[in-house]
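Asker: Right, I'll just put the structure down here and ask away after.
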Amino acid sequence: MGTLRAIGMMFRVPRRGRGFWFSLAIDLIWPLMALATRLRFRGRDKLPKTGGLLLASNHLSFADPVTVTAFALSAGRIPRYLAKASLWKVPVIGKVVAGGGHIPVERNTSRARDAFTGAVEAVQRGECVMFFPEAGFSDDVDHWPSQRVKNGVARVALETGAPVIPVVNWGTHALLPATAKFPKLFPRKTVDIIAGDPVDLSDIEGTDRAAMDQATKRIMHAITELLAELRGEEPPVR
């Protein structure tokens, strides 16, 4: 979409429920993103307008939460993220994540399970919760989804029955490479984001390890296939 259209979209997306600081961050970053990139969104109609929802995306760059937030908002949903709890103590950023209703993750502590409980409760309230199952950037040299994944989104999906929508980012790794400190603005980068059909988990019963592994594998397969469609390439055989 063109720059003016992308900026104009900012004024048509949901505002209620974003919180002051999260909303301010969106209003400041969105125009800059629209100026620095060519945004191409597809599949926004795949996201239900109401009700508990889980989004699962590949992860290439620190820019991904920005672009996925814009995509979700343009589809009428406000995404809530799971993020490391230490961010709540960082000046300004702490206000953004707290005010935005995001979910702190107390890694490697007895309170780590609180993030799962928080995600389940958010979904049960009808929120849209965003996961990057790789729990880090792809470690594949060609930027295909990593085999190193977490079961979090599958666990919440099996617990709540909420739909899981696969989402694919492509281009953010060129805009802000994983090893870069600053975005590469020239030449102007194209960022594609596509959402697919809900992942069918209806035949998976229970929430034990085997069930979560099976659900996670199915979710990651959906993400990989969607990325292959976008790139027009065959994913690696694993």
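Asker: Look through the range 191-213, keep the residues that are open to solvent by less than 50 Å² (accessible area, probe 1.4 Å) and of a type outside the set (Gly, Ala, Ser), and return whichever of them is farthest from Ala70 (Cα to Cα).
Answerer: Here the answer is Ile204.
Asker: For Thr3, only one of the following conditions fails: (1) under 25 Å from Ala83 (Cα atoms); (2) open to solvent by less than 100 Å² (accessible area, probe 1.4 Å); (3) among the polar types (S, T, N, Q). What is its number?
Answerer: Every condition holds for Thr3 apart from (1).
Asker: Looking at (1) at pLDDT below 95; (2) under 12 Å from the mean Cα position of the chain (by Cα); (3) part of a helix (DSSP H, G or I); (4) not hydroxyl-bearing (Ser, Thr, Tyr), find the lone condition where Phe71 falls short.
Answerer: (1)
Asker: Of all residues in the range 214-238, which are under 24 Å from Asn169 (Cβ atoms) and open to solvent by 60 Å² or more (accessible area, probe 1.4 Å)?
Answerer: If the condition is that a residue be under 24 Å from Asn169 (Cβ atoms) and open to solvent by 60 Å² or more (accessible area, probe 1.4 Å), then Lys217, Arg218, His221, Glu225, Glu229, Gly232, Glu233, Glu234, Val237, Arg238 are the ones that fit.
Asker: Restricting attention to helices (runs of 4 or more DSSP H) lying wholly within the range 88-169, give those where 1 or more residues are under 14 Å from the mean Cα position of the chain (by Cα) and touching a residue at least 24 places away in the same chain (Cβ under 8 Å).
Answerer: Helices (runs of 4 or more DSSP H) meeting the threshold: 113-124, 152-160.
Asker: Does the range 106-114 include one or more residues that are open to solvent by 40 Å² or more (accessible area, probe 1.4 Å), at pLDDT 95 or above and either in contact with a Gly (Cβ under 6 Å, 6 or more places away or on another chain) or not hydrophobic (A, V, I, L, M, F, W, C) (or both)?
Answerer: No, the range 106-114 contains no residue that is open to solvent by 40 Å² or more (accessible area, probe 1.4 Å), at pLDDT 95 or above and either in contact with a Gly (Cβ under 6 Å, 6 or more places away or on another chain) or not hydrophobic (A, V, I, L, M, F, W, C) (or both).
Asker: Any chance you could count how many residues in the range 190-238 are of a type in the set (Val, Ile, Thr), at pLDDT 95 or above and assigned to a loop (DSSP other than H, G, I, E, B)?
Answerer: The number of residues fulfilling the criteria is 2.
Asker: Here is a further query. Can we say Ser138 is buried (at least 18 other Cβ atoms within 10 Å of the Cβ), of a type outside the set (A, V, I, L, M) and out of contact with any Cys (no Cβ under 9 Å at 6 or more places or on another chain)?
Answerer: Considered against the rule, which asks whether it is buried (at least 18 other Cβ atoms within 10 Å of the Cβ), of a type outside the set (A, V, I, L, M) and out of contact with any Cys (no Cβ under 9 Å at 6 or more places or on another chain), Ser138 comes out as yes.
Asker: Write out, first by first residue and then by second, each pair whose Cβ atoms fall under 8 Å of each other, whose residues are 6+ apart or on separate chains, and whose first residue, in the range 25-46, is surrounded by 15 or more Cβ atoms within 10 Å (Cβ to Cβ) while the second is among the aromatic types (Phe, Trp, Tyr).
Answerer: From the range 25-46, the pairs are Phe41/Phe71; Arg44/Phe71.
Asker: Tell me yes or no: at least one residue of the range 82-99 is crowded, with 20+ Cβ neighbours inside 10 Å and either closer than 23 Å to Ala222 by Cβ or polar (S, T, N, Q) (or both).
Answerer: yes
The values are calculated or read from the model by the stated rules, or taken from the named source; none is laboratory data. Computed from a predicted structure; not experimentally measured. So basically every Cβ, Gly included, is an ideal-geometry build from the backbone, and we count neighbours across all protein chains shown. For the accessible areas, the whole protein counts, side chains as well, though only heavy atoms, and no ligand, DNA or RNA atoms are used. Shrake-Rupley method; radii C 1.70, N 1.55, O 1.52, S 1.80 Å.
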